[in-house]
Every structure is written in C-alpha cells, then in structure tokens.
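The values are calculated or read from the model by the stated rules, or taken from the named source; none is laboratory data. From a predicted model like this one, the values you see are computed outputs, not experimental measurements. Here the Cβ positions follow ideal geometry from the backbone for every residue, glycine too, while neighbour counts run over all protein chains shown.
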Amino acid sequence: MPSVKETLDYITSVHKELPFEKHPLWAGLSEGTFSKAQVAEFAKQYGIIPLHNHNYHGRLYVLCPDPKWRAHIAEVVYEEGTGNIFSKGIPHNQLYINFGRGLGIPEGEMWTADYCPEALAFKAYFERVCSINIIEGIAAHMLAAEAQGPGFFSGMARRMQKAYGLSDEAVDFWVIHDEADSDHSNVGVELLADFAKTDEDRELVKKSAREMIEMTFLLYDGILKRVKAIH
C-alpha cells in the first residue's frame, strides 16, 4: 500500500505537471497584461468559488464522520464565514466583494454574475465531491484546490495593485488567502493520514486530487475565454 508520503508526493507531482500559476489566466493577472475591464470580468467569474464557499466547505463539514476532525473543518468554515482568525472579522466573501468594488463592480453584480458554462460545471462538481465521500472531499478540496494558492497570491496581489491602482483593501482577499489556504491544506494532510488507510482509499485520494486539479483548469479555460471577449 502506498504510504501517506508517497500519496502526497503523487499529488505534488500532479501540481507540478499542471502548475496553475502558469495558466495564461493567472499569468496574465500576475503580469498585469489584462485591461482593468478584463480583470473585472475575471472577478465576476471567479466568484463562483469564494461567494459560494458555504456549498463546498459546509458540505464537507456535514459529511465528516469523526467529531475531532469535524471540529478542524468547522474552524475552516468559521474562518470563511466570519474572518475572525485571519482577516480581522471580515468574512471571506466580503473580502472578495471588496476586490470587485475596487475594480468598479457593484456588489449586486458580483452576486448575480452571468457565469460561464465551465464555472457552472465546476460548481456542480465541487458540490458533489464535497457531498459523497470524506476521502474524496478532503483530497479534492484541501489537497488539490486549496494547495494551488499559497506562495503565489500575495505576489500577484501586489503586482495587481501597481498595475490597476487597487487599494490594500481591494487585494486583501488574495493576501489573506496565502495564509489561510496554507492552513486549510495542512488540515487536509492530517485528515488524509487518519481516513485514507487502505490501498483503495489512497488510490481514491490520487484520483480525486487529479480530477479536481483538472477541473480547476477547465474553470480557468472558461474564465479566460470570457476575459478575452472583453475589449
């Protein structure tokens, strides 16, 4: 049976094979090559994650069968919903609304975005994977999706500030998620060690992580098409 380390090493190899920061969407955001209107379209489309996070973390909390580890996930849900751990009492969805506001997007437009088909497909997949099996949910959410951001978002935020004239408040969402997502993904590693104890479990972890990373790229492809359609 593959060890926890071998399983995690496989997931690391998938991240290296599909480095999200090299995707043209994130490269353009980091390098400041999009217009401000194009970044605003990105902001609306990417909201499918932070503005709907209760459908992801929340389902994973309900699904978790172990009280001790359910408490760990509850801390993540609490932080996303209140911001009382990392973001001085500002809920993460409000942090994201502030990002949109900095780009000139009214709050109502952020909540009622016309999502691209890839974003809708991603949301449906994410909700499902957080509702079926705790091992799938942990692997997809914490070891795949949330492991993409740490170490990248803070630098991207500072470059976006310079390129688009954004305030600290407007980019706080990205800066804070560098720290928060790292903490969340560490919870995923601990949960994996407790729950994925058979060969079948470890193979499910690897399959779920790869699927989620590939689904994020589908999302990025769809958002990029919408961004490029803005002139």
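Structure notes:
- Residue among 103, 60, 120 that is closer than 24 Å to residue 194 by Cα and of a type in the set (A, V, I, L, M, F, W, C): 60
- Across the range 32-82, the number of residues qualifying as part of a loop (DSSP other than H, G, I, E, B), on the phi < 0 side of the Ramachandran plot and over 13 Å from the mean Cα position of the chain (by Cα) comes to 6.
- Failed criterion for residue 26 (all others in (1) closer than 18 Å to residue 166 by Cβ; (2) outside any helix (DSSP H, G or I) hold): (2)
- Residue 161, sole failed condition from (1) within 19 Å of residue 27 (Cα to Cα); (2) touching an Asp or Glu at 6+ places or on another chain (Cβ under 8 Å); (3) part of a loop (DSSP other than H, G, I, E, B): (3)
- The set of residues in the range 80-93 that are under 22 Å from residue 44 (Cα atoms) and crowded, with 17+ Cβ neighbours inside 10 Å comprises 80, 83, 87, 90, 91, 92, 93.
- Selection status of residue 173, free of Cβ contacts under 8 Å to residues at least 60 places away in the same chain, more than 19 Å from residue 215 (Cβ to Cβ) and buried (at least 20 other Cβ atoms within 10 Å of the Cβ): no
- If you filter the range 191-231 down to residues that are of a type in the set (Gly, Ala, Ser), crowded, with 21+ Cβ neighbours inside 10 Å and in a helix (DSSP H, G or I), you find that the one that is nearest to the chain's Cα centre (by Cα) is 209.
- Against the criterion of being polar (S, T, N, Q) and under 25 Å from residue 195 (Cβ atoms), residue 84 does not qualify.
- The requirement of being surrounded by fewer than 23 Cβ atoms within 10 Å (Cβ to Cβ), at pLDDT 90 or above, in a helix (DSSP H, G or I) and not polar (S, T, N, Q) is satisfied by residue 96.
- Top-ranked residue in the range 140-159 [being among the aliphatic types (A, V, I, L, M) and more than 13 Å from the chain's Cα centre (by Cα); ranked as surrounded by the fewest Cβ atoms within 10 Å (Cβ to Cβ)]: 156
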